[in-house]
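The structure appears below as structure tokens.
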Ligand SMILES: NC(=O)c1ccc[n+]([C@@H]2O[C@H](COP(=O)([O-])OP(=O)(O)OC[C@H]3O[C@@H](n4cnc5c(N)ncnc54)[C@H](OP(=O)(O)O)[C@@H]3O)[C@@H](O)[C@H]2O)c1
């Protein structure tokens with residue numbers, strides 16, 4: 001006989017839940033019976049998500065604002081009756097040549113991807129269940145291997161990779177596992193109107209499959225780092 005679904009009843013907080021990957025993740029978690037708290041900075045997008053997926057704990061928060069992040073995490077733990085998993089998806093990239101990049105764009109990439117991830121982890125730690133708690137920080141393949149189009153984004157995601165590895169060591173004795181997920185390019189609104197061949201990217205469902213795998217492992221198993229990407233062929237429809 002198979003054991004009960006490990007995702008059923010799991011209490012999961014998701015940042016960046018309103019994005020292309022986040023929305024698919026939230027729907028999949030709900031289908032598997034998890035209890036979910038969600039956040040994003042844009043109220044309209046968060047309202048749309050809560051309309052589509054009833055029963056979510058939802059709170060608007062700018063991930064770079066410590067007070068708002070703490071407010072979301074506390075609302076998540078309060079509303080769900082504790083926290084088993086934090087998935088950090090909030091992130092963005094402003095591509096472009098470094099010679100013409102506005103300083104504000106460079107700072108935003110570090111603030112959202114790096115500071116935001118650190119703030120969410122900081123405030124989740126006190127709620128995460130010792131013995132089986134889990135943090136999944138979604139970095140990027142771009143944080144492990146450079147590309148020419150977005151050096152500042154590569155830098156921010158490299159920082160996420162290092163922060164995640166170091167945090168795993170710091171939280172080991174508290175029984176909290178920490179995973180770095182590093183997907184390659186994925187077909188979501190992340191790309192805006194940039195000229196990419198979207199049909200050759202990962203589908204958000206591919207990233208969510210990896211997330212569900214990591215989250216469903218028993219407490220004695222931790223995935224330290226998972227790097228995966230599209231082969232570059234056109235996805236089957
Ligand atoms: N798509 C890719 O090719 C790809 C590849 C590898 C890794 N990733 C990473 O995967 C994660 C999710 O990406 P995605 O493809 O789902 O991107 P997306 O569709 O653009 O979604 C980004 C999410 O981040 C949130 N966000 C952005 N700035 C925020 C802020 N200041 N405060 C709070 N939330 C903020 C957005 O919410 P609001 O709009 O409400 O602010 C949205 O929910 C990101 O960390 C991204 O770097 C993406």
(message) Given the condition more than 19 Å from the chain's Cα centre (by Cα) and free of Cβ contacts under 8 Å to residues at least 40 places away in the same chain, answer yes or no: does some residue in the range 81-95 qualify?
(response) no
(request) May I ask you to verify whether residue 211 is within 22 Å of residue 178 (Cβ to Cβ), surrounded by fewer than 18 Cβ atoms within 10 Å (Cβ to Cβ) and at pLDDT 95 or above? (result) no
(message) Which count do you get for residues in the range 184-208 that are free of Cβ contacts under 8 Å to residues at least 60 places away in the same chain and buried (at least 18 other Cβ atoms within 10 Å of the Cβ)?
(response) 6
(request) Taking residue 218 as meeting all but one of (1) over 24 Å from residue 30 (Cβ atoms); (2) more than 16 Å from the ligand (Cβ to nearest atom), write down the number of the exception. (result) (1)
(request) Keeping to the range 220-234, report how many residues are surrounded by 15 or more Cβ atoms within 10 Å (Cβ to Cβ) and either without any contact (Cβ under 8 Å) to a residue 12 or more places away in the chain or over 20 Å from the mean Cα position of the chain (by Cα) (or both). (result) 0
(request) Select the helices (runs of 4 or more DSSP H) contained entirely in the range 1-109, then report the ones holding at least 2 residues which are within 14 Å of residue 215 (Cα to Cα) and within 13 Å of the ligand (Cβ to nearest atom). (result) 20-31
(request) For the range 81-95, indicate whether the set of residues that are at pLDDT below 95 and farther than 27 Å from residue 217 by Cα is non-empty. (result) yes
(request) Scan the range 137-155 and report the pairs whose first residue is over 24 Å from residue 176 (Cα atoms) and modelled with pLDDT under 95 and whose second residue is more than 10 Å from the ligand (Cβ to nearest atom) and assigned to a loop (DSSP other than H, G, I, E, B), with Cβ atoms within less than 7 Å and a gap of 6+ or a chain change. (result) 149/95; 150/95
(message) Among the numbered criteria (1) closer than 15 Å to residue 144 by Cβ; (2) surrounded by fewer than 19 Cβ atoms within 10 Å (Cβ to Cβ), which one does residue 180 miss?
(response) (2)
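The values are calculated or read from the model by the stated rules, or taken from the named source; none is laboratory data. The structure displayed is predicted, hence computed values, not measured ones. For neighbour counting, all protein chains shown are included, and Cβ atoms are generated from backbone atoms with ideal geometry for every residue, glycine included.
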